[in-house]
Amino acid sequence: MQSMVKTEGQVTITENVIQELRRGILILAILSQLNEEKYGYALISQLGELGLEIDQGTLYPLLRRLESQGLLDSNWNVEGSRPRRYYVINIAGSAILKDLAREWRSLTQVIEKLLANTK
Amino acid sequence: MELIERYLQEIGRYLPTNKRADILSELRSSLDDTLEARNNTSPTEDEVVQVLKEMGAPRKVAASYYPEGQYLIGPELYPFFQFVLTIVLLASTGGRLIAGIASFALSQEAFDFVNQLWQILDGILPTIGSVVLIFAVLQRLNVHPEFEKKDFDPRTLPPLHKDQPISRAEKIFSVIVGTLFLAFLSQVAVNGGFTAKGGITPFTNPVLDHYFPWIALSLAIGILLDVVLLWRGHWEMSTRIARIAANIFSLIVLALLTQGHTVWLNQIGVHGLVFTPEQFSPSPSGLQILGMVSFRLAFYVAFVVTTIETFAMIVRLIRGRGNNQFLRISGMALTGK
């Protein structure tokens, strides 16, 4: 009888696949929360409170990438207890967010149908 | 805290110079926020270690700022690099090999195999290095070859590459002749070789005698390859490569033979490539000289024919490799069409 306990290799594959699945979703999640200026740690906290955990090593490079793609604007704010870099979605980012959100809703409907008979 | 600064310093080593300060400031700010959020204004070393572990190893953190990865030659350029390297290596090594054998065949000096081999190997590393350097520069300049036309039309794809069939009659004839010749050479060798006992004859040939094992080996390899080809029924990449290798071996043997004959003829005062009527005498010595000159001429002809055949095989091999979409695409990228 085949054991239900996953081997180390299977666990690694599962982790990798989940990471891949999350990668695209994270962009949508980040863009959706940046309609007002936020610094990295505040964004991590907000996403965490809403149930989406993201580590700092993933978030900061992703914010940089979105900024270099012209979807976010950023600026250093030195008024608080320490200097922080704040990010906010711009017009191009908002347009992309709309498209992404529409695609996401459509996909979730399809995937839900596909997974209907999956235990 | 010093541990945080050491951590950031290590990350900074792997970051691009122009963005380093900015990224490190942001990471420092984030680490301070994290520690502060854990209600810790003066964290212990263990707590800092925990936060740094959560952020990840310095190399990993730095690498995540390169989403496209860090490559000397990236995945887009690599197939193109492989193609160019193959052509350049074949051309430079093949050229050196043929030139080395040819110059040796025409020279009268002893064959220095190690030196010849070293000269060929000596050229390989600089060749690879140069190609790698050029592609590393292209990668650095962010050059991306266009691998696909924008308007892709499947009907323009090249036809399927079919292995070239062999001529069975030609191969059977070749096997029979080669076997008979090998048997004849073996029989002569068993009966005392090409050096006749009890006097000089027109068939006396100490050079053939000396190199008999190499001649036999070269012939045997040729026969074996023909048998394999008959069995397979068509040319393949592996048989083409084997044939080229066998031809190169034959060229080396032919070079040894021609040079051996030249040395022998020079020793008895016959210089130059042509045997003049003045040098001929009906004496046994004159007949042997005529025989040696004839053998040398035959080997020269064989050398030239084998060289041409080898080049043709190399061209077919490259064209065979190129008879796929990749070469077409590479050609497009090269010509910019």
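Every test in (1) over 22 Å from residue B:25 (Cα atoms); (2) within 14 Å of chain B (Cβ to nearest Cβ) is passed by residue A:18 save one, and that test is (2).
Screening the stretch A:49-66 for residues that are part of a helix (DSSP H, G or I) and closer than 20 Å to residue A:101 by Cα and picking the one that is farthest from the other protein chains (Cβ to nearest Cβ) gives A:66.
Take the stretch A:1-36 and flag every residue that is hydrophobic (A, V, I, L, M, F, W, C) and modelled with pLDDT of 80 or more. Working first, answer last.
Start the filter on the stretch A:1-36 by keeping residues that are hydrophobic (A, V, I, L, M, F, W, C), which leaves A:1, A:4-5, A:11, A:13, A:17-18, A:21, A:25-31, A:34.
A:13, A:17, A:18, A:21, A:25, A:26, A:27, A:28, A:29, A:30, A:31, A:34 - these are the residues of the stretch A:1-36 that are hydrophobic (A, V, I, L, M, F, W, C) and modelled with pLDDT of 80 or more.
Residues that are in a strand (DSSP E or B), of a type outside the set (Gly, Ala, Ser) and within 14 Å of another protein chain (Cβ to nearest Cβ) were ranked within the stretch A:72-85; the one that is surrounded by the fewest Cβ atoms within 10 Å (Cβ to Cβ) is A:75. If you check B:12, B:69 for being of a type outside the set (A, V, I, L, M) and either at pLDDT below 90 or within 30 Å of residue B:127 (Cβ to Cβ) (or both), only one passes: B:69. Are any of the residues in the stretch B:310-327 modelled with pLDDT of 85 or more, in contact with a helix residue (DSSP H, G or I) (Cβ under 9 Å, 6 or more places away or on another chain) and over 30 Å from residue B:145 (Cβ atoms)? Scanning the stretch B:310-327, I find at least one residue that is modelled with pLDDT of 85 or more, in contact with a helix residue (DSSP H, G or I) (Cβ under 9 Å, 6 or more places away or on another chain) and over 30 Å from residue B:145 (Cβ atoms), so the answer is yes.
Taking the stretch A:53-66 as the range and being at pLDDT below 90 and in contact with an Asp or Glu (Cβ under 8 Å, 6 or more places away or on another chain) as the test, the residues that pass are A:55, A:56. Looking only at the stretch B:157-216, filter to residues that are of a type in the set (Gly, Ala, Ser) and touching a Phe, Trp or Tyr at 6+ places or on another chain (Cβ under 8 Å); which one of those is modelled with the highest pLDDT? Result: B:189. Listed by first and then second residue, the pairs with beta-carbon distance under 7 Å, at least 6 apart or on different chains, first residue in the stretch A:35-58 and closer than 24 Å to residue B:58 by Cβ, second among the acidic types (Asp, Glu), are A:40/B:26; A:41/B:33; A:55/B:54. Taken as a whole, the structure leaves residue A:104 outside the set of residues that are outside any loop (DSSP other than H, G, I, E, B), within 11 Å of another protein chain (Cβ to nearest Cβ), hydrophobic (A, V, I, L, M, F, W, C) and farther than 18 Å from residue B:36 by Cα. Scanning the stretch B:38-54 for residues that are free of Cβ contacts under 8 Å to residues at least 40 places away in the same chain and under 26 Å from residue A:23 (Cα atoms) turns up B:50, B:51, B:53, B:54. Residues in the stretch A:30-46 that are part of a helix (DSSP H, G or I) and more than 14 Å from every other protein chain (Cβ to nearest Cβ): A:30, A:31, A:32, A:33.
Quick one: in the stretch B:61-80, which of the residues that are under 23 Å from the mean Cα position of the chain (by Cα) and of a type in the set (Phe, Trp, Tyr) is nearest to the other protein chains (Cβ to nearest Cβ)? Selected residue: B:78. Restricting A:88, A:110 to residues that are among the hydrophobic types (A, V, I, L, M, F, W, C), over 14 Å from the mean Cα position of the chain (by Cα), more than 9 Å from every other protein chain (Cβ to nearest Cβ) and part of a strand (DSSP E or B) narrows the list to A:88. Close Cβ contacts (under 8 Å, 6 or more residues apart or on different chains) running from residues in the stretch A:62-74 that are over 20 Å from residue B:61 (Cα atoms) to residues that are in a loop (DSSP other than H, G, I, E, B) and among the polar types (S, T, N, Q) comprise A:70/A:90; A:71/A:90; A:72/A:90; A:73/A:90.
Taken over the stretch B:12-31, the criterion of being in contact with a Phe, Trp or Tyr (Cβ under 9 Å, 6 or more places away or on another chain) and of a type outside the set (Gly, Ala, Ser) is satisfied by B:14, B:15, B:16, B:19, B:22, B:23, B:26, B:27, B:31. Within the stretch B:17-37, restricting attention to residues that are farther than 15 Å from residue B:58 by Cβ and surrounded by fewer than 17 Cβ atoms within 10 Å (Cβ to Cβ), the residue that is farthest from the other protein chains (Cβ to nearest Cβ) is B:17. Against the criterion of being within 14 Å of chain B (Cβ to nearest Cβ), modelled with pLDDT under 90 and loosely packed, with under 15 Cβ neighbours inside 10 Å, residue A:69 does not qualify. Selection of first residues in the stretch B:166-188 that are over 27 Å from residue B:237 (Cβ atoms) and of second residues that are part of a helix (DSSP H, G or I) and not aliphatic (A, V, I, L, M), restricted to Cβ pairs under 8 Å at least 6 apart or on distinct chains, gives the following pairs, ordered by first then second residue: B:185/B:212. Being part of a strand (DSSP E or B) and exposed (fewer than 12 other Cβ atoms within 10 Å of the Cβ) is not true of residue A:16.
Checked against the criterion of being surrounded by 15 or more Cβ atoms within 10 Å (Cβ to Cβ) and modelled with pLDDT under 85, the stretch B:241-249 has no qualifying residue.
The values are calculated or read from the model by the stated rules, or taken from the named source; none is laboratory data. Note that this is a predicted model, so its numbers are computed, not measured. Heads up, the Cβs are rebuilt from the backbone with ideal geometry, glycines too, and the neighbour counts pull from every protein chain shown.
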